[in-house]
1. Which residues' amide hydrogens lie under 5 Å from the amide hydrogen of residue 174, considering only partners 5 or more residues apart or on another chain, with H built in the peptide plane?
2. If you roll a 1.4 Å probe over the stretch 74-132 with all protein chains in place, what percent of the accessible area is carbon or sulfur?
3. Scan around residue 196 for amide H atoms under 5 Å from its own, H built in the peptide plane at 1.01 Å from N, and keep only partners 5 or more places away or cross-chain.
4. Based on the Cβ-Cβ distance of residue 183 and residue 103, what FRET efficiency does E = 1/(1 + (r/R0)^6) give at R0 = 30 Å, to the nearest 0.05?
5. Return one whole number: the accessible area per residue of the stretch 78-124 in Å², for a 1.4 Å probe.
6. Positive end of the dipole of the stretch 92-210, charges at C-beta (+1 Lys, Arg; -1 Asp, Glu), about the Cα centre: which of 171, 102, 129 has its Cα farthest in that direction?
7. Just the Cα atoms of the stretch 68-210: what Rg and Dmax do they give in Å?
Amino acid sequence: MTTTSPCLLRCNQGTRLRLMRSYGCSFGGGGYFVSSIIAHMFAWLLKHIFTGVTLLTSMGTVSYSITPPPVFKENLVKHNLFRYKHHSPPLVWNASLQAAASHWLQRCKFEHDPDRRWGENLYMIQFTPYTSIPKCATSAVVLWYNEVKTYNYSAPTYNHFTQVVWKATRHLGCASKVCPMYDSRYLVISCKYWPHGNVWGQFKRNVLPP
């Protein structure tokens, strides 16, 4: 049976920390799988991948791959399913963003990277012997996306959802780390996005309704 645990989330431009409930991410629950829509997404990915190569030049020396590490495979799939729903191109896994996320998490603090070259979504959940990091990585995306329920397309403001589906974003890299925090152990996940989203004045053309 999948358990439900408290987790902490923080919006990706520095809003206040708040307590939320997460989807289960322990062993034993149903996972998330790719639907038949993957064939359309694959064609879509091929269409946009060369655009990504050009965009990367302003980041300097980078490396990226279509295939993420196994722990984040479903995380990338879930990102792209949600993006497809909002008419945004699929993300390509970026090893340089993954490395940046991993480097930032070495501090074991639940706070945002001040480097504004990329966007970032954060997730944290108490770590137990039953915690499945791949399931938590997927649950994080679902939680971020579910903030669509409070999004007003007529009066937009940023949250986790807007970065997930931001149309101009092309690259994703995530990392995780188990940290001793708050008198316990917590799994912290950082996902970084490039180009970053949540730019004031650009919401209407980057966050589209389904």
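1. Residues meeting the criterion, in which the H sits 1.01 Å from N, are 98, 192.
2. Carbon and sulfur together cover 54 percent of it.
3. Excluding prolines and chain starts, which carry no amide H, the hits are 119.
4. Efficiency computed from Cβ-Cβ geometry: 0.70.
5. Result: 37 Å² per residue.
6. 171
7. Spelled out, the Cα radius of gyration and Dmax of the stretch 68-210 are 14.7, 45 Å.
The values are calculated or read from the model by the stated rules, or taken from the named source; none is laboratory data. Values in this document were obtained by computation on a predicted structure and should not be read as measured data. Here Cβ is always computed from backbone atoms with ideal geometry, including for glycine, and neighbour counts include all displayed protein chains. Note: accessible area is taken over every heavy atom of the protein model, side chains too, but ligands, DNA and RNA are not part of it. Shrake-Rupley method; radii C 1.70, N 1.55, O 1.52, S 1.80 Å.
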